[in-house]
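Peer 1: Attaching a single structure in structure tokens format; questions to follow.
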Amino acid sequence: MAAGPRGWGLAALALLLALLLGLLLGGARRLRRRYAADGARASLRGRAAARADGVRLLLVTAHPDDEAMFFAPTVLGLGRAGARAAVLCCSAGNYYNQGEIRKKELEQSCFLLGIPASDVTVVDHRDLPDNPAVEWDTQLLAAFVLKHIEAKNINLVVTFDAGGVSGHANHISLYTALRYLHSERKLPEGCRVLVLESVNLFRKYISMLDVPISCLLPRDALFILTEEETEQARRAMRCHRSQLLWFRHIYMLFSRYMVINSLRLL
């Protein structure tokens, strides 16, 4: 039976969409290879520019698995260029009474990201509970973070922005504490703070297709992983076996945060 005009129109539209998707994927792959090959130094812009082999990075997270789920591109991108990274995780992730398990998973994940256990610290304080409904005390949190910055001689801090990527109150509390330290000039001289950009739901789940968008939009730092590094990030995420529910497997496949980090300076 011959297709009518409507059928041919739909077929033409489907073909056009397939061609556009192919062009987008091809362009995203080319940009990904170019930016990933340039390394972290080429990805840093403006005031953030620095020799990466002189960077002493402190990644401040709220829960075990944040380092792999959200920040792997930054950690691996800076590590590739010679930076030394440490992690300060501000809770044990004990919402379901799995704190001890999650601490061990965090160490395994960090090892795969190039961070030894000696540079991984977990704050397990009763007033900093793992709870999406609880905003942590800014003064208490800032004191923990500042003490760690000074002890480790840190010159670059990375954490969440005001949106917390997922809107989690604990994530946002980290931004509030770092913003307080920055605005009150309590950070050591030369210590900069980069915050991870929260994007809308569409961009969050288009994976590599967000590369062209991230390259065009303003930012102070941009890290894009190679295909090999993306698999490394996924292996790190798989260390968090206690958290690998079905939707996190989907997250690993489609989230741009497993491939791309765009950040801004405070």
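The values are calculated or read from the model by the stated rules, or taken from the named source; none is laboratory data. Just so it is clear, the structure is predicted and the values come from calculations on it, not from any experiment. Backbone-built Cβ (ideal geometry, glycine too); neighbour counts: all protein chains shown. With ligands, DNA and RNA removed, areas are computed over all heavy atoms of the protein, side chains included. Shrake-Rupley method; radii C 1.70, N 1.55, O 1.52, S 1.80 Å.
Peer 1: Contour minus end-to-end for K104 and R264, with contour as 0.36 nm per residue of separation and end-to-end as the Cα-Cα distance?
Peer 2: Here the segment from K104 to R264 would lengthen by 54.5 nm.
Peer 1: Which value, in Å² rounded to 10, gives the accessible area of L216 with a 1.4 Å probe and all protein chains present?
Peer 2: 150
Peer 1: State the extension gain, in nm to one decimal, for the chain segment bounded by N153 and Q139, taking 0.36 nm per residue of separation less the distance between their alpha-carbons.
Peer 2: Gain on stretching N153 to Q139: 3.0 nm.
Peer 1: Return the tail of the calculated pair distribution for the stretch 100-155, meaning the percent of Cα-Cα pairs more than 18 Å apart.
Peer 2: Considering the stretch 100-155, 49 percent of its Cα-Cα pairs are separated by more than 18 Å.
Peer 1: Under 20 °C and 1.002 mPa s, how fast does the stretch 176-244 diffuse according to Stokes-Einstein, given a Kirkwood radius computed over C-alpha pairs? Answer in µm²/s, whole number.
Peer 2: It diffuses with D of about 140 µm²/s by this estimate.
Peer 1: Leaving ligands, DNA and RNA out of it, report the carbon-plus-sulfur percent of the accessible area of the stretch 48-172 at a 1.4 Å probe.
Peer 2: Heavy-atom surface of the stretch 48-172 belonging to carbon and sulfur, 1.4 Å probe: 50 percent.
Peer 1: Then there is this: Express the Stokes-Einstein translational diffusion coefficient of the stretch 96-207 in µm² s⁻¹, to the nearest whole number, given a Kirkwood radius over alpha-carbon pairs, 4 °C and a viscosity of 1.567 mPa s.
Peer 2: Result for D is 83 µm²/s.
Peer 1: If each of S166 and S118 carries a label point 7 Å out from its Cα toward its Cβ, how far apart are those two points in nm?
Peer 2: 3.2
Peer 1: Convert each backbone phi in the stretch 70-79 into a coupling constant with the Karplus relation 6.51 cos²θ - 1.76 cosθ + 1.60 (shift: θ = phi - 60°), then list the ³J(HN,Hα) values in order as whole Hz, x for Gly and Pro.
Peer 2: 10, 10, 4, x, 5, 4, 6, x, 5, x
Peer 1: Please compute the modelled spin-label separation between Y95 and R56, points set 7 Å along Cα→Cβ, answer in nm with one decimal.
Peer 2: 3.4
Peer 1: If R192, R102, R264, R126 are ordered by their accessible area, calculated over protein heavy atoms with a 1.4 Å probe, which sequence runs from highest to lowest?
Peer 2: R126, R264, R192, R102
Peer 1: Given a 1.4 angstrom probe, what's the average accessible area per residue across the stretch 160-247, in square angstrom?
Peer 2: Heavy-atom SASA per residue in the stretch 160-247 reads 47 Å².
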